[in-house]
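The structure appears right after this line, and notes come after that.
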Amino acid sequence: MNDPERLDRALEELLHDRSPRGVGESLDGEEQRMLRVAQLLRGSRPADPDGEFVEALHARLFPAPARVSRRTAFLGGLGALAAGVLAGVGIDRFASESRSATTWTPLVGANGRWVPVATVADLPHGTIKAFRAGHVQGFLINRHGEIRALSGVCTHMGCLLEFKQSDQAFVCPCHGAEFSISGEAYQGPHHYNIRLSPLPEIRVRRSGESIEVWSV
Ligand code: FES
C-alpha cells in the first residue's frame, strides 16, 4: 500500500485520543517508528513547546522530506521530547528505542546561560522544588545547605517526573520508574526492571540571593 496520507490519519486518531491501531498496521517501518514517538509524546506532559526549537528538533528527528504533512498538529506534542533531549536523553534512544545503543548528549553545552529559577529563601534545607528554565526542566534540591539540580526527565523515554513526597522519590507517570533524591534509579522487584541511567545533573549556582541554573 502506498498511501502518503496514512501516517496523517494515524496521527489524527492519536490526537483525538483514539487508537491508531487500524491505520497503524498499514504503516511502513519508518512511519511506525514516528507513530511510536508520537504515542510516547501523547503520554508525556505538555511542556509549552517553543515553536522554533521544536521545528528544529523535528527536522533532526525526521529528516525524510515531508513525511508528516500535518506537522503542526504533531509538533504540539514535541515540546516534551524537546525537554527530554536537552535533559540528556539522546535522540537515538527515542528513535530506535534501543536500550543498549543510547547516545547521551550533553545536558547544556557552552552555548548556555545562567537563568534564575528561585531565591535562596525559596529553598531552605530539605526543600525539593521543580523548576523550568528555557528548555530545561528539573528539580532543585537543598540537602544541608548543599544545592543541587537534577534533570526532571525520565531517563527511560523522556516523560516528565513528579516528586512524590511520601516516598521521597521522583516518580515517572509513564511506566513507573522511580529515582532517588540523589538521582539514582531504584531497581528491584517493586521498581522498574530495566537498568536506567541516573538523572543528569544540571549546573547550578548561587548568585547573591538568587539560585541560577545553566540552561538554553
Ligand atoms: Fe518509561 Fe519513565 S518514560 S519509565
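Details
- Exposure proxy shown here: for Glu162, Glu209, the number of other Cβ atoms within 10 Å sets the order, fewest to most, as Glu209, Glu162.
- Fewest-first sequence of Ile202, Ile194 by Cβ atoms within 10 Å of each Cβ: Ile194, Ile202
- Fully extending the segment from His144 to Cys174 would add 7.6 nm, taking 0.36 nm per residue of separation and subtracting the current Cα-Cα distance.
- For Cys174, Cys154, the sequence from fewest to most other C-beta atoms within 10 Å is Cys174, Cys154.
- In this rough spin-label picture, where each label sits 7 Å from Cα along the Cβ direction, the Val216-Ala130 distance is 2.4 nm.
- Translational diffusion coefficient (Stokes-Einstein; Kirkwood radius from C-alpha pairs) of the stretch 131-191 at 20 °C, 1.002 mPa s, in µm²/s: 178 µm²/s
- Across the stretch 118-163, the convex hull enclosing all Cα atoms gives 70 Å³ per residue.
- Here the translational diffusion coefficient of the stretch 107-214 follows from Stokes-Einstein with Rh set to the Kirkwood radius across Cα pairs; for 25 °C and 0.890 mPa s it amounts to 172 µm²/s.
Every number in this text was worked out from the coordinates using simple rules, so none of it is lab data. Source: prediction; values computed, not measured. Backbone-built Cβ (ideal geometry, glycine too); neighbour counts: all protein chains shown.
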